Structures are given as structure tokens and as C-alpha cells.
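The values are calculated or read from the model by the stated rules, or taken from the named source; none is laboratory data. What you see is a predicted model; the values in this text were computed from it and never measured. Note that each Cβ is placed from the backbone with ideal geometry, even for glycine, and that neighbours are counted across all protein chains shown. Calculation scope for accessible area: heavy atoms of the full protein, side chains included, ligands and nucleic acids excluded. Shrake-Rupley method; radii C 1.70, N 1.55, O 1.52, S 1.80 Å.
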Amino acid sequence: MNSIAQEFKNELLTEAPATRKCIERLNESLFDYKPHEKSMKLSGLAMMMAEMPKWVATIVDVGVIDFHTWERYNMTTIPDLLNYFDKNLESAVKALDGAIAEKLKSEMF
């Protein structure tokens, strides 16, 4: 694995336990809560946290993310969201393990 991919992987794995802990502590009865009137609902914010590792895998594997056509996951429970996060984290680590330095540099710069 190249050093760029290794650094991304290290950061991802360092942050993953805290992200998982935040998701575990969510209360499903508050999914409609908005911290501010212009904010997304808590369910959307939680979904984004669980989905960010998928963004990493997509960028490495595909090279671009089109959020206009991005297929959103429809989570219903906290355990469901945790499973989704774990699956996305696993795919991000796998993508970074297979990343090639030249490809990452060309995609990033």
C-alpha cells in the first residue's frame, strides 16, 4: 500500500471508533430533531456519518462522487445504521488497501 492511502486509512481507522460510539448513542425517537432550523434532521446527520466511509471507497474506486444521483440508504433503526457504517468502513479500508499512489495523486490534484 502506498503512503497516501496508508495515511487515509490510518485517519479513517482512528476516527471510526468515535463515529461508531456517536451512532450507538443516538435515540431513534429524536430522528426528526433539527439542531437548528436550517439544519438537516438528526437522522440525516447520522446517515451522513455512517455514509462517509462509502464516499472514500467510491472516490478511490470510481474517482468521483455525484451527489445529485447518489443513492441514499434508507435506514430505520440504530442497529441498521451501525451495520451500514461497518459495511462502509470495511469497503473503504479494502479500497484503500488496493489503492495505487499514481491513481490517488491524479484524482486528488
Of the listed links Lys9/Lys41; Lys21/Lys87; Lys54/Lys94, those spanning more than 19 angstrom between alpha carbons are Lys9/Lys41
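Computing the accessible area with a 1.4 Å probe over protein heavy atoms, can you report the carbon and sulfur percentage for the chain? Provide the component values of the computation, followed by the final result.
Numbers: 4060 of 7230 Å².
Carbon and sulfur together cover 56 percent of it.
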Across Asp66, Asp86, Asp97, the residue with the highest GNM fluctuation in the chain (Cα network, 10 Å cutoff) is Asp66
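May I ask you to give the solvent-accessible area per residue for the chain, in square angstrom, as obtained with a 1.4 angstrom probe? Working shown, then result.
On the way: 7230 Å² over 109 residues.
Ligands and nucleic acids excluded, the result is 66 Å² per residue.
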Candidates Ser43, Ser29, Ser91; GNM for the chain (alpha-carbon contacts under 10 Å) flags as most fluctuating Ser29
Within the set Lys38, Lys54, Lys94, GNM on the chain using Cα springs under 10 Å gives the largest fluctuation to Lys38
Which of (i) 37, 34, 19; (ii) 59, 33, 21; (iii) 46, 29, 21 is the computed Cα extents along the principal axes in Å? It is (iii)
With label points set 7 Å from each Cα along the Cα-to-Cβ direction at Lys21 and Asp97, the distance between them in nm comes to 2.6 nm
With label points set 7 Å from each Cα along the Cα-to-Cβ direction at Asn10 and Val64, the distance between them in nm comes to 3.2 nm
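So if R0 is 41 Å, what FRET efficiency would Ser3 and Ser29 give, r being the distance between their Cβ atoms, rounded to the nearest 0.05? Could you put the intermediate results ahead of the total?
Values: r = 45 Å, r/R0 = 1.09.
Working from the Cβ atoms, E equals 0.35.
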